[in-house]
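First the structure, in the form of structure tokens, and then the observations on it.
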Amino acid sequence: MPFLNDLIKSVISEGAAEKLSNAAEISDLTKVISDEETSIEQDYYEIGKLYYEQNSDKTDGELGELVSKVNASNKKIKESKLKIGTLMGYTFCECCGEQVDEDDLYCNNCGAKMPVKIMPGMELCPHCHKAVRAGIRFCTNCGKPMQEEEKPKVKECPSCGFTTEDLDMVFCEKCNRRLVMEGGDTEEEQKAEEIVPIHKVCPACGFKIFDTETMFCEKCNRRLVEDENAE
């Protein structure tokens, strides 16, 4: 239909339709054509917009270059808007661009975590994450202590679960396994597995002990030996 298209364009541009007997009808039809072409252009725009929204991460293929160009333009627009807002004293979410209050921990629109700005002389509460004056004992926002009380160190038995605050105690009072620090690492527990207490006996007075480190008898001070009769 190229010839007909060119003919219609020439009629419109040169005003030839006004000289024809059916000029009014031709004028109406050319208006229909113009309106429909405008509608098609809008539909093209909507189709392209919808494709981009559904495929903004696809930068390869025939349309990949156009998608990349739109992505780059959107990034520049977003950065410029955020900078304008910052210069005007507002705070915006860096993920979705929505305005947020300065003390918001998360964006109300997309849920992204907001970067916390700490002024000199301030610190964050470990509980509510609000900025409060440094050095205070309790948070002025939630009332909880700023520093958790340090728990006493405890030794525990990796076998039966016995615990004690006596850090000098070496072996469990219940099963005689070597104690480890509470929450001790796997390597420490492996060492406890390797060191197994043995029965020792005094060859002079018969004193016996279930130990690995005691070398001499508590009663007569003779050197202890391993009890061969122990089970």
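Computed values, structure above
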quantity	calculated
Residue in region 129-138 that is under 38 Å from the mean Cα position of the chain (by Cα), modelled with pLDDT under 70 and loosely packed, with under 15 Cβ neighbours inside 10 Å present	no
Residues satisfying the stated conditions in region 125-155, i.e. assigned to a loop (DSSP other than H, G, I, E, B) and closer than 30 Å to E79 by Cβ	H129, K130
Within region 156-177, tally of residues that are part of a loop (DSSP other than H, G, I, E, B) and polar (S, T, N, Q)	2
Those residues of region 103-124 which are in a loop (DSSP other than H, G, I, E, B) and under 14 Å from T91 (Cα atoms), in sequence order	D103, D104, L105, C107, N108, N109, A112, M114, P115, V116, K117
Per-region count, region 49-83, residues surrounded by 13 or more Cβ atoms within 10 Å (Cβ to Cβ) and within 22 Å of G97 (Cβ to Cβ)	10
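The values are calculated or read from the model by the stated rules, or taken from the named source; none is laboratory data. This is a predicted model, so every value here is computed, not measured. Ideal geometry is used to build each Cβ from the backbone, glycine not excepted, and the neighbour counts take in all protein chains shown.
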